[in-house]
1. For every other residue with a beta carbon closer than 9 angstrom to the beta carbon of Pro179, add +1 if it is Lys or Arg and -1 if Asp or Glu, then tell me the sum.
2. Rounded, prolate or oblate: which one fits the range 52-119, using the alpha carbon gyration tensor with axes a ≥ b ≥ c (rounded when a/c is under 1.5, else prolate when a/b beats b/c, else oblate)?
3. Sequence gap of 8 or more, or different chains, plus Cα separation below 23 Å: how many lysine pairs satisfy both in the chain?
4. How long is the gain from Arg32 to Lys217 if the chain were fully straight, where each residue apart is worth 0.36 nm and the alpha carbon distance is subtracted?
5. If you find the alpha carbon centre of the range 1-56 and of the range 95-150, how far apart are they in angstrom?
6. When the helices in the chain are scored as -39500 (n - 2.57) per DSSP H run of 4 or longer and the sum is shared across all residues, what 222 nm value do you end up with, to the nearest 500 deg cm²/dmol?
7. List, in order, the whole-Hz ³J(HN,Hα) value for each residue of the range 168-180 obtained from phi through the Karplus relation with A = 6.51, B = -1.76, C = 1.60 and θ = phi - 60°; use x for Gly and Pro.
8. Assigning unit charges at the beta carbon (Lys, Arg +1; Asp, Glu -1) and nothing else, what dipole magnitude in debye, to the nearest 20, does the chain show about its Cα centre?
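The values are calculated or read from the model by the stated rules, or taken from the named source; none is laboratory data. The structure displayed is predicted, hence computed values, not measured ones. Because the Cβ atoms are built from the backbone with ideal geometry, glycine has one as well, and the counts that use them run over all protein chains shown. Calculation scope for accessible area: heavy atoms of the full protein, side chains included, ligands and nucleic acids excluded. Shrake-Rupley method; radii C 1.70, N 1.55, O 1.52, S 1.80 Å.
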Amino acid sequence: MAGPAPDHPLKFELLEPAEQLRRSRDFLRCMRSRRTVRDFSARPVPYELIENAIRVAGSAPSGANQQPWTFVAISDPETKRRIRIAAEAEERISYESRMSEEWLAALEPLGTTWRKPFLEIVPWIIVVFRQAYGLQLDPASGEERRFKHYYSEESVGIAVGMLLASLHLAGLATVTHTPSPMKFLAELLGRPANERAFVMVPVGYPAPDARVPRISKKSLDEILVCITAKDDPENQD
Ligand code: IYR
């Protein structure tokens with residue numbers, strides 16, 4: 001059954017090339033200054049910054065536009081404390097017995113441990129849930145029916161990327177945190193059966209003495225394969 005054809009005029013702002021370059025370079029400079037932060041201060045973050053970042057994430061493309069995500073934003077100290085306790089309990093088991101030597105060695109440059117004090121210090125934690133399937137109330141029977149969600153992992157991954165970019169652009173620091181397993185989050189936050197914790201994003205300002213590992217990003221040569229026609233003017237050196 002074919003759905004309604006695209007019939008809505010596209011709003012598209014055609015930019016001058018110079019303006020395109022300016023925006024592209026500004027965004028590149030901004031995003032390259034992003035670092036994952038694990039030492040936070042308790043300095044408060046206005047709610048609107050959190051809300052706007054979630055609106056940006058919610059504008060992400062998704063499979064069949066199903067928007068298979070829920071963002072839980074937490075500033076309540078008691079809930080943050082419960083999250084820290086539960087996350088540390090899981091992380092402690094992971095670091096002490098679940099993670100392989102190879103994994104622990106890969107994490108060594110980051111200096112992470114099972115202790116997660118930042119979960120209580122940060123003003124906000126955003127927990128992102130992926131809806132593994134949709135739930136719809138059947139008006140006839142009054143029963144909840146499941147329906148398939150397409151590409152939910154990819155969709156939520158894209159939304160989280162946009163969330164992180166938006167928070168960074170607003171001058172906030174984040175850590176992309178995935179205590180494993182994360183099942184405790186759905187229970188603790190009272191989420192419905194179709195929601196799986198995808199990632200936790202503590203948000204705030206870095207502690208004044210925050211330090212980060214000396215790491216680098218791969219060079220463009222290592223990550224980009226560019227295929228152009230031989231006579232493409234972009235190809236002439
Ligand atoms: N989730 C653990 C371990 C961890 C795993 C990876 I892969 C990282 O890039 C960082 C940490 C933790 O948060 O400590």
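1. -2
2. oblate
3. For the chain, qualifying lysine pairs total 4.
4. 65.7 nm
5. About 23 Å separates the Cα centre of the range 1-56 from the one of the range 95-150.
6. It lands at -10500 deg cm²/dmol.
7. Ordered by residue, 3J(HN,Hα) equals 5, 4, 7, x, 10, 9, 9, 10, 8, 10, 10, x, 10 Hz.
8. With only Lys, Arg, Asp and Glu charged at Cβ, the dipole is about 640 debye.
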